[in-house]
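Contents: one structure, followed by commentary.
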């Protein structure tokens, strides 16, 4: 489960993606638009800035803006900055590996292969979801992608209409 802090970070980055290329965005604007407590948001944006995802400008006309093109920032990067490890258990983490205290032998552990599959499934979604994904979703909230009935092809579902 992602933390509330991570959820707020994603919401803030969605706003900054919408404003990408238009200049700095005030914290108060992001806070009001996404209903995020301003002090909490300040700490989140500072953390994202310290990790190179955002940049800030001081003074009149200042604020925060994306340092990297939103198509190159994925959810895995954001979640690791804000929440740390993505893996469900420390023994299957790529970046934050720690042997589990209660595990006698990782090789024979029945839980480890399952947790590796959970990690891989989550990573697949997180690494293939960029900040632009949120902008596309917001612009067409009724659009979904699903598996079609014929030959397992993808079908686009928009409102009440289906096209293959």
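Remarks
- Check on residue 129, surrounded by 14 or more Cβ atoms within 10 Å (Cβ to Cβ), modelled with pLDDT of 80 or more and either touching a strand residue (DSSP E or B) at 6+ places or on another chain (Cβ under 8 Å) or farther than 28 Å from residue 10 by Cα (or both): yes
- A search for C-beta distances below 6 Å between a residue of segment 68-91 that is at positive phi and surrounded by fewer than 17 Cβ atoms within 10 Å (Cβ to Cβ) and any residue that is part of a loop (DSSP other than H, G, I, E, B) and at pLDDT below 95, counting only pairs 6+ apart in sequence or on different chains, returns nothing.
- Residues of segment 86-105 that are part of a helix (DSSP H, G or I) and either within 12 Å of the chain's Cα centre (by Cα) or closer than 21 Å to residue 6 by Cβ (or both): 90, 92.
The values are calculated or read from the model by the stated rules, or taken from the named source; none is laboratory data. For clarity, every value in this text was computed on a predicted model and none was experimentally measured. In this analysis, Cβ positions are derived from the backbone assuming ideal geometry, glycine residues included, and neighbour counts consider all displayed protein chains.
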